[in-house]
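> I'd like to ask you about the structure that follows.
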Amino acid sequence: MSDVGFVNMAGKKAEGDVPELGIGMLGYAFMGKAHSNAFKTLPYMMYPPLAIPKLVAIAGRNQEAVTAAAQRYGYAKAYTDWRAMIDDPDVQVFDNGGPNDAHAAPTIAAAQAGKHVFCEKPLARTAEEAKTMLDAVEKAGVKHMVAYNYRFVPAIVQAKRLIASGALGRIFHYRAVYLQEWIIDPNFPKIWRLDKAQAGSGSLGDLGSHIIDLARFLVGEPKKVMAMTKTFIEERPDGSGGRGKVDVDDAVTSLLEFENGAMGTIEASRFAQGNKNGQRWEINGEKGSIRFDLERMNELQVFWADEDPRETRGFHNVLVSESYHPFWENWWPQGHIIGWEHSFVHEFHHFFDAIVNNKPVAPWGADFVDGYRNAVICDAIEASAKSGRVVDIQY
Ligand SMILES: NC(=O)c1ccc[n+]([C@@H]2O[C@H](COP(=O)([O-])OP(=O)(O)OC[C@H]3O[C@@H](n4cnc5c(N)ncnc54)[C@H](O)[C@@H]3O)[C@@H](O)[C@H]2O)c1
């Protein structure tokens, strides 16, 4: 019984004073909700907490909506100008959950004001823009992290540990898809995610960047890419009675060659009927293989080439929910599974550890170097799709 997570958790005690970190959150929709949920859950689940997030302020553009969001999530103040929130001396951590075109300016301003910065992915619309953000955080000397939250799914961390231990041996293949279906209807409006000026790219930056991050996290640096992108529906209702041109990719398929000699494929689409949040990937090494499916995120499929007896050798399913699995000492007895939202709890716990104990965010978390490198790869994929040629990755 001693290694059951629930029992361990109950046995832990908070020691000494736990510092508070004042949070200033930009955006109160999808990510604003996911992050706020994590801030509220973290102090009692990641126990004892390294820091207690204090919900100081939330920023939006519409007074009524941002005030309602502050009340709903429990932020003490609501700002309609992110600049005023950044100037608030009670804000120590700036959390950017805004759309991609609202990442650079507020995040750079927050870093210049000495706030630690956490930014949603993709870090920026282009590598050039991402570089300005990286330069700003390095100059300011603040902690910086990009929300590649899948690095904080227990099964994925377990996969990383297996690969790092050499259990798979030499890696031959990384084969990843990230598929959704929510814009197939031609009457779906042209929201910010379908506009290059606001989003930077389409399925590439939205979904592809996650599996590019996992490629770098699990396998290593890619050195070359070749890609094809497609926009299936080129015009959509613009929300004000007119039509708007869709100038981002609806789908992307890319081939990668890694520095360590592995091959990779990356496919992202928002036109894949039946796929709700279909992130799936497989890694094949000389000694075994690993498979993951986000819609079954507590599981990892593994195959070991030398497993005995050979008569029952085959892929088998590991339910990653034991107290000795990553992050699980904080949750429930084994088999009482966790959800997508909990990756954000782990992610902020990691960021607070970096702030409070002056530790690096990388390599287990994605910092702005990772955000910048990811943007370089996205740009190379777009360049290859445009030219039809292989493009070298140069950071
Ligand atoms: N990590 C993940 O799994 C994940 C999932 C979804 C989205 N994202 C990323 O999170 C970011 C936000 O996406 P979302 O789905 O929450 O978008 P959303 O459209 O649901 O929300 C955007 C929020 O930003 C606010 N906003 C827009 N412009 C603003 C401005 N200038 N000043 C202040 N507030 C502003 C909007 O009012 C809204 O509250 C994007 O970069 C996206 O790529 C990440």
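The values are calculated or read from the model by the stated rules, or taken from the named source; none is laboratory data. Only a predicted model underlies this, so the values are computations on that prediction, with no experimental measurement involved. Neighbour counts are summed over all protein chains in view; Cβ atoms, including those assigned to glycine, are modelled from backbone coordinates with ideal geometry. In case anyone asks, the SASA skips ligands and DNA or RNA and just uses the protein heavy atoms, side chains included. Shrake-Rupley method; radii C 1.70, N 1.55, O 1.52, S 1.80 Å.
> Over every pair of different alpha-carbon atoms in the stretch 265-395, take the mean of 1/r and invert it; report that Kirkwood radius in Å.
Roughly 18.4 Å, rounded to one decimal.
> Gain in length, Trp340 to Glu181, computed as 0.36 nm per residue apart minus the alpha-carbon separation, to one decimal in nm?
Net length gain for the segment: 55.4 nm.
> What distance in nm separates the simple spin-label points at Ala362 and Arg296, each placed 7 Å from Cα in the Cβ direction?
Taking the simple label geometry, Ala362 and Arg296 are separated by 3.4 nm.
> Report, in whole Å, the centroid distance computed from the Cα atoms of the stretch 85-101 and the stretch 116-175.
20
> Using only Cα atoms, what is the ratio of the radius of gyration of the stretch 59-203 to 2.2 N^0.38 Å?
After normalising by residue count via 2.2 N^0.38 Å, the value is 1.28.
> Follow-up question, since we're still on this one. Order the following by accessible area, largest value first: Glu129, Glu257. Probe radius 1.4 Å; ligands, DNA and RNA are ignored.
Glu257, Glu129
> Out of every Cα-Cα pair in the stretch 80-132, what percent are more than 15 Å apart?
Everything past 15 Å amounts to 40 percent.
> Given charges of +1 on the Cβ of Lys and Arg and -1 on the Cβ of Asp and Glu, with all other atoms neutral, how large is the dipole of the chain about its Cα centre, in debye to the nearest 20?
160
> Give me the number: length gained by fully extending Trp332 to Arg310, i.e. 0.36 nm times residue separation minus the C-alpha to C-alpha distance, one decimal in nm.
Taking 0.36 nm per residue and subtracting the Cα distance, the gain is 4.5 nm.
> Go through Asp250, Asp17 and list them by solvent-accessible area, largest first, probe radius 1.4 Å.
Solvent-accessible surface, decreasing: Asp17, Asp250.
> Can you figure out the FRET efficiency of Lys230 with Asn260, using R₀ = 35 Å and their beta-carbon distance, to the nearest 0.05?
The computed FRET efficiency comes out at 0.70.
> Using the 2.2 N^0.38 Å rule of thumb for compact globular proteins, work out how the stretch 7-129 stacks up: its C-alpha Rg over that value, please.
Numbers: Rg = 15.2 Å, N = 123, 2.2 N^0.38 = 13.7 Å.
For the stretch 7-129, the normalised Cα radius of gyration comes out at 1.11.
> I would also like to ask the following. Test of the criteria: in the stretch 351-395, which trypsin sites (Lys or Arg not before Pro) are in a DSSP loop and have at most 11 other Cβ atoms within 10 angstrom of their Cβ?
Arg389
> Quick one: pull the percentage of alpha-carbon pairs in the chain with a separation above 34 Å.
Of all Cα-Cα distances in the chain, 30 percent exceed 34 Å.
> Still on this structure: If packing is taken as the average count of other Cβ atoms within 10 Å, what order do 30-39, 297-306, 149-158 fall into, highest mean first?
149-158, 30-39, 297-306
> Also, I was wondering about something else. If you rank Lys131, Lys276 by how much accessible surface each has, with a 1.4 Å probe, what is the order from largest down?
On the way: Lys131 80, Lys276 130 Å².
Most to least solvent-accessible, the answer reads Lys276, Lys131.
> Which Cα, out of Ile183, Gly166, Met228, lies furthest along the positive dipole direction of the stretch 146-229 (beta carbon charges, K/R +1, D/E -1)?
Among Ile183, Gly166, Met228, the one farthest towards the positive end of the dipole of the stretch 146-229 is Gly166.
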